[in-house]
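Enquirer: The following block contains the structure, expressed as structure tokens.
The values are calculated or read from the model by the stated rules, or taken from the named source; none is laboratory data. The shown structure was predicted, so the numbers you read here are calculated from the model rather than taken from an experiment. Neighbour counts are summed over all protein chains in view; Cβ atoms, including those assigned to glycine, are modelled from backbone coordinates with ideal geometry. We work out accessible area using only protein heavy atoms, side chains counted, and drop any ligands, DNA or RNA first. Shrake-Rupley method; radii C 1.70, N 1.55, O 1.52, S 1.80 Å.
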Amino acid sequence: MKVRLFKPSLGDEEIQSIKDAFDMAWLGLGPKTREFEKQWTNYIGCKESVGVNSCTAALHLAVSAFRFPKGKKVLVPVLTFASTAMAPIYNGLEPVFVDVDEDTLTISLEDLERKCDKDCVAVMPVHYGGYPAKIDEIMNFAKSKNLKVIEDCAHTAGGEYKGKILGTWGDIGCYSFEEKKCMTTGDGGMICSNDRELISPLKSSRWVGMNKDTWQREKENSISKSNSHWYYEILELGYKYNMNDLMASIGLVQLKKLPEMNKRRMEIIAKYLDGIKDCSSLKPALPYDKNQKCYWMFMLRVKNRDKFISFMQQKDIATGVHYMPLTLHPYFAKYENNTPKAISIWKEFVTIPLHADMTNEEVDYVIENVKAFDLLE
Ligand SMILES: Cc1ncc(COP(=O)(O)O)c(C=O)c1O
């Protein structure tokens, strides 16, 4: 048996939806993207969503929405994917790395308070593996320091904290639909907010700074027959970051399947928690809550990580490591900022397979081998 770490859950419904886009012969930014934005807005329960081609783009544009003066600082957890910390840099701002909470692996409030100074303008909490950051406390802190909050929701789609959907707590929430994530559009992302005025201008930023997209111009040509249908203005420096209708056609189907996919991942996590509860050389990396609606990945803390990875490799079980603290990467080394907890605990992290299509046989096979490894230790 060969068990994949992540796998998009795809079927005939997605192919049919792509076929609809083919039949319309409109694959770029158009009606399907608008429909997906509308349905996502309803699902999350926010006021406005802007579809883009990745969460990396979403984070870049989300930071740009505030027009912070260049050189200001943005607080970012050191345990995250590169894109969280690159977003401030793309905007001429400086990332300030903050340590994580040892239990939840999300941004440490204590360290946040220590590192926040008068030049800090925003904080970007990450819901790590779908595990919620203490976003209520972060919001209170942010309010007291006049910081904007951009939630990096790349690892969650429908997860909640204290009954409120992650991504709707902060000023802006950014999601990822990259192929390994909770749901996919191949690559893709979404920027969401309850502040329409804040993020509506990002529709032009994602479309090379133009105030009218091609679909709008096409409609003006074919429906209203205006002879100035072609006219648009470039209002500012923009990017080619738009979501397209091919992506959105997959997203519309995936969104319908999301509650089921989330449920299946939660079932598998419950099996893992039960299956490995007596192991002594390893444990779940996070205090997973069986009542949560959505986690993206399942991580262990294993004392002898390299040996565990080799053992799993021999059994054809894929593993991963999420993540090495960013300041250990050559590019981010210059931002090193005293984050001792992350630097010591990450060495035990191993991600094991979790995806909605995993069969019970695959889950049992993984558990059996995790236990077999533990017995050898
Ligand atoms: C925490 C986090 N933020 C942002 C991203 C970027 O997402 P995308 O691949 O959609 O650009 C990722 C990707 O894995 C991520 O893990």
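Enquirer: Given the criteria closer than 22 Å to residue 79 by Cα and open to solvent by less than 10 Å² (accessible area, probe 1.4 Å), does residue 151 qualify?
Expert: Answer is yes for this residue.
Enquirer: Look through 252, 235, 258 and report the one residue that is at negative phi and more than 19 Å from the chain's Cα centre (by Cα). Steps first, answer last, please.
Expert: Working: 252 fails: more than 19 Å from the chain's Cα centre (by Cα); 258 fails: more than 19 Å from the chain's Cα centre (by Cα).
On inspection, the qualifying residue turns out to be 235.
Enquirer: If we scan the stretch 156-173, do we find a residue that is buried (at least 24 other Cβ atoms within 10 Å of the Cβ) and within 11 Å of the ligand (Cβ to nearest atom)?
Expert: Looking through the stretch 156-173, at least one residue is buried (at least 24 other Cβ atoms within 10 Å of the Cβ) and within 11 Å of the ligand (Cβ to nearest atom).
Enquirer: List every residue pair whose Cβ atoms sit under 6 Å apart, with the two residues 6 or more apart in sequence or on different chains, where the first one lies in the stretch 308-336 and is closer than 14 Å to residue 95 by Cα and the second, anywhere, is open to solvent by 70 Å² or more (accessible area, probe 1.4 Å).
Expert: Filtered contacts from the stretch 308-336: 327/336.
Enquirer: Identify, please: which residue in the stretch 232-249 is out of contact with any strand residue (DSSP E or B) (no Cβ under 8 Å at 6 or more places or on another chain) and charged (D, E, K, R) and is, among those, least open to solvent (accessible area, probe 1.4 Å)?
Expert: Residue satisfying both the conditions and the ranking: 245.
Enquirer: Something else: Quick one: count up the residues across the stretch 70-96 that are near the ligand (Cβ under 10 Å from one of its atoms) and open to solvent by 40 Å² or more (accessible area, probe 1.4 Å).
Expert: 2
Enquirer: Among the residues of the stretch 257-268, which ones are farther than 14 Å from residue 6 by Cβ and touching a residue at least 12 places away in the same chain (Cβ under 8 Å)?
Expert: Result: 257, 258, 259, 260, 262, 266.
Enquirer: Six or more apart or on different chains, Cβ under 7 Å: which pairs go from a residue in the stretch 281-296 that's assigned to a loop (DSSP other than H, G, I, E, B) to one that's among the small types (Gly, Ala, Ser) and open to solvent by 10 Å² or more (accessible area, probe 1.4 Å)? Could you list them?
Expert: From residues that are assigned to a loop (DSSP other than H, G, I, E, B), the pairs are 290/270.
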